[in-house]
Amino acid sequence: MRRTIGVLFVLLSLFAAAGLSAQDSGPPASSGQANGFQLEQNYPNPFNPETTIPFMLGEDLFVDGHRAVVSIRIFNLLGQPVASPVALRHPAGDGATVVQLEYAQAGRFEAFWDGTDQSGRQVASGIYLVQLTVNGLSKTLKMFVLK
């Protein structure tokens, strides 16, 4: 247990030293749902081995019948792509990878990540970044894998 806490402390220290933080692309806005969408914190967090990633798509994304094009990608702290989660309860079906996936209406949606990389191997304990991109604009949050 002490080793796990020590590893987590070292990882958090490295994360803080690197100056990495949650980021939004595009101009800042006053509402919690800037640019018409919001990335919510994954749960559980920390997690092992799987997590759910909730996000909101606002009504303003769907004006005049437009659709929202959504991608979610998981990165390590070096900025290397690790995985893309799958959509839950999407019209294309559960298990559709959230890469350029179209959504036709506003609401709260979820994606699921099983904690594996692109090769199907379980990822190591550590800090990962989840990036939600909607119509070319992105928001990023950190999440923790703890084994």
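Computed quantities for the displayed model
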{"quantity": "Pair Lys147, Tyr43: separation of 7 Å Cα→Cβ label points (nm)", "calculated": "2.6 nm"}
{"quantity": "The range 27-143: C-alpha gyration tensor shape, a/c 1.5 cut-off, then a/b vs b/c", "calculated": "prolate"}
{"quantity": "Shape of the range 45-112, Cα gyration tensor, a/c cut at 1.5", "calculated": "prolate"}
{"quantity": "Residues whose placed amide H lies under 5 Å from that of Leu77, excluding near-sequence neighbours", "calculated": "none"}
{"quantity": "Estimated vicinal HN-Hα couplings, Hz - the range 38-44 in sequence order (Karplus 6.51, -1.76, 1.60; Gly, Pro = x)", "calculated": "9, 9, 9, 5, 5, 9, x"}
{"quantity": "Charge sum, other residues only, whose C-beta stays under 11 Å from Pro81's C-beta, Lys/Arg counted +1 and Asp/Glu -1", "calculated": "0"}
{"quantity": "Sites Gln105 and Glu50 - FRET efficiency at Förster radius 30 Å, r taken between beta-carbons, to 0.05", "calculated": "0.65"}
{"quantity": "Full-stretch length increase - Leu88, Phe112 - with 0.36 nm per residue and alpha-carbon distance subtracted", "calculated": "8.0 nm"}
{"quantity": "Potential lengthening between Arg121 and Ala96 on full extension [0.36 nm per residue; Cα-Cα distance subtracted]", "calculated": "7.1 nm"}
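No lab work stands behind these numbers, since they all come straight from the coordinates. Values in this document were obtained by computation on a predicted structure and should not be read as measured data. Cβ: placed from backbone, ideal geometry, glycine included. Neighbour counts: every protein chain shown.
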